[in-house]
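The values are calculated or read from the model by the stated rules, or taken from the named source; none is laboratory data. Bear in mind the structure is a predicted one, so any value in this text is a computation, not a measurement. Methodologically, a virtual Cβ is constructed for each residue, glycine included, from the backbone with ideal geometry; neighbour enumeration extends over all protein chains shown. Each accessible area value is taken on the protein alone, full model and side chains, heavy atoms only, with ligands, DNA and RNA left out. Shrake-Rupley method; radii C 1.70, N 1.55, O 1.52, S 1.80 Å.
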Amino acid sequence: MKRSEEVAIHVMSVSKSFRLPHQNVNSVKGAFLNIFRGRKTIERQKVLKGISLDIKKGEFFGIIGRNGNGKSTLLKLLAGIYSPDQGQIRINGKLTPFIELGVGFNPELTGRENVYLNGALLGFSRKEMDEMYEEIVGFAELERFMDQKLKNYSSGMQVRLAFSVAIRSNSDILLIDEVLAVGDSNFQKKCLDVFEDLKNEGRTVVFVSHAMGYIRDFCDRVAVIDKGKLAFLGDTEEAVDVYNQLNSRDTTAQLESENAGLSDGVKRLGNGKARVINYSFKNERGDTTIRLQAGKKFGVELSLEYYDSVDNPAIGIMFRKHASENLFGINNIYNNQIFGKQLAGQTMKIKAEGVMPLAPGTYYVSFTIADAKSTSDYEELDNLNNIMKINVEGDKFWGLVASKIDMETM
Amino acid sequence: MQIIKTRVNYRSARILLRELIITDFKLRYQGSVLGYAWSVLKPLFMFLILYLVFAVVLKVGDGVTNYPIYLLLGIMLWGFFAEMTQQGITSIVMRGDLIQKIRIPSWLIIVSASVGALINLALNFVVLLVFAFVYGMDFHFSAFFLPLFMVEIYLFALGVTLLLSALFVKYRDISYVWDLILQAGFYATPILYPVSLVTDSFLQKILLLNPMAQSIQGARNVLVTTDSITIGEVFGSRFAVLVPVFIVMLTLIIGFLYFRKEAKNFAENL
């Protein structure tokens with residue numbers, strides 16, 4: 001990869017705001033009413049606030065950020081679809097006009113006709129497209145379907161065709177927004193090869209994605225956009241960290257408000273001979289939180305109250321995905337810990353500790369108290385079903401389980 | 001404040017325009033059995049009705065040589081103006097998917113929409129010529145001036161389309177308002193009735209200041225019959241024609257300037 005110091009895209013303190021849609025005057029009547037009322041205060045929403053960055057020639061440049069924070073607006077500004085309110089954007093070289101695949105595809109035209117139409121959007125004449133046609137169709141693996149109307153294609157087929165045309169672009173600077181989301185793994189592999197080629201050819205690529213794996217694999221530098229501002233610009237690994245932090249801060253805040261809703265609307269099951277009065281999760285350092293680390297120590301603290309005598313209390317914790325899919329549940333009886341008979345009026349504090357066995361994600365938690373008459377006969381006393389959600393973080397695991405396996409060469 | 005300097009690449013604009021026109025052409029009568037025959041059948045049917053009512057029953061056309069051809073040419077030219085503006089006004093919004101996702105010169109969309117109407121006009125014109133031959137109409141050298149009037153109508157329609165299509169992005173009432181104006185315009189323009197039926201000479205003058213009236217009367221005069229009263233005859237001066245031509249130019253300039261001003265915000269206002 002050749003990386004020169006020459007700038008391909010120069011963005012200088014660019015701001016962009018939009019009129020809020022509900023304020024939009026969409027009819028002549030509305031416009032007249034506004035004139036008579038003398039209303040001139042149109043509310044504008046600032047989407048980008050003074051973004052400055054330079055993208056160098058030959059760079060594979062990533063833009064990441066959570067949804068609604070201005071990534072796509074920035075890309076549309078780069079593409080020249082929007083014009084900035086303030087600041088300036090200078091493009092040095094030929095830029096693809098696309099930001100999304102399959103734009104301009106018409107369902108009523110055949111695959112073949114759409115290829116030519118899409119090629120024209122890239123600036124290729126019929127003659128030039130004639131020369132590329134076989135290759136495009138071959139790459140998309142759609143030879144047998146080209147004379148069918150596009151409306152009969154599956155969405156995967158449409159994306160394949162669109163991608164195959166788009167990569168023909170001979171522009172110096174490519175803008176790519178979330179392409180790898182569709183297509184089977186075989187085709188995704190092909191896309192990755194194309195990316196590899198683009199990188200080796202030293203073309204400038206601006207890549208917007210939520211897939212941190214691809215960002216890590218390809219990007220030389222990454223910008224993190226948060227709330228319309230540049231939160232970070234530079235090294236890919238650091239950028240991904242910043243993004244993950246922003247993301248989980250966001251998730252946690254959201255979960256906390258959800259949890260408030262869950263506990264307000266609690267519907268207790270069980271006969272009420274005992275109650276869970278208080279519950280909280282602790283992280284490794286012992287702080288109360290709902291942000292836990294996969295594969296790291298965590299704790300649960302419960303306060304219970306007994307209103308009737310209970311011979312053999314069984315206190316259970318259940319983790320679920322999607323409110324119904326049991327992932328992992330445990331109680332003291334299974335652990336061979338017997339707390340003994342409790343009398344009415346007694347209170348009890350329980351501290352459970354362990355290693356978080358779940359992979360990163362959000363999970364429902366339920367707490368139960370039962371009277372274990374035998375190993376199979378439980379009298380349900382209290383059940384706080386899906387009473388809260390926790391957010392498990394970490395990025396070293398796939399799937400649902402966070403388990404370590406040692407590997408070494410033999 | 002700075003607008004991105006977009007180098008208009010005329011080669012790619014030409015290529016794209018061509019494809020957009022081809023696409024429109026293919027899709028236009030998609031799924032209809034008669035297809036492009038409709039673009040001829042529609043004005044012919046209109047002609048038939050109007051001819052029966054106004055020429056056969058009410059006899060308004062008496063005293064005009066070649067009245068059926070005269071009427072057909074008027075209907076065709078008006079139909080072209082109506083079609084081009086109606087299609088053009090909604091074209092920016094209809095092609096919103098392109099404008100919101102690709103950097104594309106918006107005027108390409110307006111021009112490609114106008115080509116559809118031009119194709120229809122050409123088809124209709126062939127039919128008109130066949131009719132004229134069958135009817136036994138004499139052609140004169142003056143017919144060579146006909147394209148001038150067509151260019152005038154095209155430019156007028158283009159000016160109106162540029163202005164109203166940009167307004168339509170913000171105010172969706174525009175297309176309904178324009179439909180009403182077209183309806184009124186059809187009767188305010190001497191298409192069915194000869195100008196001589198209007199006895200008030202002041203009203204005649206007002207009538208012919210309308211670029212559509214002036215150009216249709218002019219086109220008929222050079223192609224069909226000198227009975228067609230032109231603006232020059234009404235005002236007693238050739239130079240009177242400059243007034244409607246000035247209106248056309250003014251419409252075109254205002255339309256162009258407003259469209260250019262609004263075009264950079266189309267993507268976000270759609």
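If the cut-off is 17 Å between C-alpha atoms, which lysines fall inside it for A:Lys57, apart from same-chain ones fewer than 8 positions away?
A:Lys57 reaches A:Lys2, A:Lys94, A:Lys199.
For the stretch B:92-145, what log10 I(q)/I(0) values come out of the Debye formula at q = 0.13 1/Å, with one point per alpha carbon and no solvent?
Normalising to I(0) and taking log10 leaves -0.55.
In peptide A:67-74, what is the residue-averaged number of other protein chain Cβ atoms found within 10 Å of each Cβ?
Details: counts 0, 0, 0, 0, 0, 0, 1, 0.
Partner Cβ neighbours, averaged per residue: 0.
Computing the accessible area with a 1.4 Å probe over protein heavy atoms, can you report the carbon and sulfur percentage for the protein assembly as shown? If you can, show how the numbers build up before the last one.
On the way: 19350 of 34060 Å².
Looking at the protein assembly as shown in its full context, I get 57 percent from C and S.
Treating each Cα of chain B as an identical point scatterer and ignoring solvent, apply the Debye formula and state log10 I(q)/I(0) at q = 0.10, 0.14, 0.17 Å⁻¹.
-0.56, -1.04, -1.38
If you line up the long axis of helix B:211-223 against the longest principal axis of chain B, both from Cα atoms, how many degrees apart are they, to the nearest 10?
50 degrees
When you count, for each residue, the other Cβ atoms within 10 Å and take the mean per peptide, how do B:152-159, B:63-70, A:160-167 rank with the highest first? Mind showing how you got there, number by number?
On the way: B:152-159: 22.1, B:63-70: 19.0, A:160-167: 24.0.
Per-residue mean Cβ counts within 10 Å order the peptides as A:160-167, B:152-159, B:63-70.
Using the alpha-carbon atoms, what tilt in degrees (0 to 90, nearest 10) does helix A:126-140 show relative to the longest principal axis of chain A?
30 degrees
Mind pulling the per residue volume of the convex hull built on the Cα atoms of the stretch A:255-410? Å³ is fine.
Details: hull volume 21.4 nm³, N = 156.
About 137 Å³ per residue, rounded to a whole number.
Once amide H atoms are placed 1.01 Å from N in the peptide plane, what residues at a sequence separation of 5 or more from A:Glu59, or on another chain, have their amide H within under 5 Å of its amide H?
Under 5 Å from the amide H of A:Glu59: A:Val205.
Give me the Kirkwood hydrodynamic radius of the stretch B:60-174 in Å, from all C-alpha pairs, to one decimal place?
Numbers: mean 1/r = 0.0626 Å⁻¹.
That comes to 16.0 Å for the stretch B:60-174.
Please give me, ordered by residue number, the GluC sites (Glu not before Pro) of the stretch A:331-410 that lie in loop per DSSP and have at most 16 other Cβ atoms within 10 Å.
The qualifying sites are A:Glu408.
If packing is taken as the average count of other Cβ atoms within 10 Å, what order do B:127-140, A:394-407, B:220-233 fall into, highest mean first? Walk me through the numbers on the way to the answer.
Working: B:127-140: 13.4, A:394-407: 11.3, B:220-233: 21.3.
Highest to lowest by the protection proxy: B:220-233, B:127-140, A:394-407.
Given N residues in chain A, what is its alpha carbon radius of gyration divided by 2.2 N^0.38 Å?
1.32
By how many nm would the segment from A:Asn386 to A:Lys349 grow when fully extended, if each residue of separation counts as 0.36 nm and the alpha-carbon distance is taken off? List each step's numbers first, then the result.
Numbers: separation 37, 0.36 × 37 = 13.32 nm, distance 2.07 nm.
Taking A:Asn386 through A:Lys349 to full extension adds about 11.2 nm, to one decimal.
Report the B-A buried area as the accessible area lost on both sides summed, probe 1.4 Å, in Å² to the nearest 100. Spell out each step's value before the answer.
Details: alone 15130 and 22140 Å², together 34060 Å².
Accessible area lost upon association: around 3200 Å².
As I understand it, the value is the acute angle between the Cα axis of helix B:37-50 and the longest principal axis of the Cα atoms of chain B; what does it come to in degrees, rounded to 10?
With both axes taken from Cα atoms, the answer is about 40 degrees.
Taking a probe of 1.4 angstrom, what is the accessible area of B:Asp173 in Å², to the nearest 10?
40 Å²
Please work out the FRET efficiency for the pair A:Lys46 and A:Asp184, using the Cβ-Cβ distance as r and a Förster radius of 25 Å; give the result to the nearest 0.05. Intermediate values should be presented prior to the final figure.
Working: r = 40 Å, r/R0 = 1.61.
Here the calculated transfer efficiency is 0.05.
Just checking the output field for A:100-109: average partner chain Cβ neighbours within 10 Å of each residue's Cβ?
Numbers: counts 4, 1, 1, 6, 10, 1, 4, 0, 5, 5.
Partner Cβ neighbours, averaged per residue: 4.
Mind checking the stretch A:215-260 for GluC sites (Glu not before Pro) that DSSP puts in a loop (not H, G, I, E or B) and that have at most 13 other Cβ atoms within 10 Å?
Numbers: sites: A:Glu237, A:Glu238, A:Glu256, A:Glu258; in loops: none.
Sparse-neighbourhood loop GluC sites (Glu not before Pro): none present.
Roughly how crowded by other chains is peptide A:129-135, in terms of the mean Cβ count from those chains within 10 Å of each of its Cβ atoms?
Numbers: counts 2, 0, 0, 0, 0, 0, 0.
Per-residue shielding by partner chains comes out at 0.
Which entries of A:Lys46/A:Lys189; A:Lys190/A:Lys389; A:Lys267/A:Lys404; A:Lys71/B:Lys26; A:Lys151/A:Lys189; A:Lys351/A:Lys373 show an alpha-carbon separation above 29 angstrom in the structure shown?
In this structure, A:Lys46/A:Lys189; A:Lys190/A:Lys389; A:Lys267/A:Lys404; A:Lys71/B:Lys26 lie more than 29 Å apart at Cα.
Tell me, Kirkwood radius of the stretch B:146-270 from alpha-carbon pair distances, in Å?
Numbers: mean 1/r = 0.0634 Å⁻¹.
One over the average 1/r among Cα pairs gives 15.8 Å for the stretch B:146-270.
Return the sequence-ordered ³J(HN,Hα) values of the stretch A:246-257 in whole Hz as given by the Karplus equation 6.51 cos²θ - 1.76 cosθ + 1.60 applied to θ = phi - 60°, using x for Gly and Pro.
Coupling constants for the stretch A:246-257: 4, 4, 7, 4, 5, 4, 4, 4, 5, 5, 4, 6 Hz.
Given a 1.4 Å probe and the protein chains all in place, what does the accessible area of A:Leu142 round to, in Å² to the nearest 10?
Counting only protein heavy atoms, A:Leu142 exposes about 0 Å² to solvent.
If the viscosity is 0.692 mPa s and the temperature 37 °C, what Stokes-Einstein diffusion coefficient in µm²/s follows for the stretch A:57-245 when Rh is the Kirkwood radius over Cα pairs? Could you put the intermediate results ahead of the total?
Values: Rh = 17.4 Å.
Reported coefficient: 189 µm²/s.
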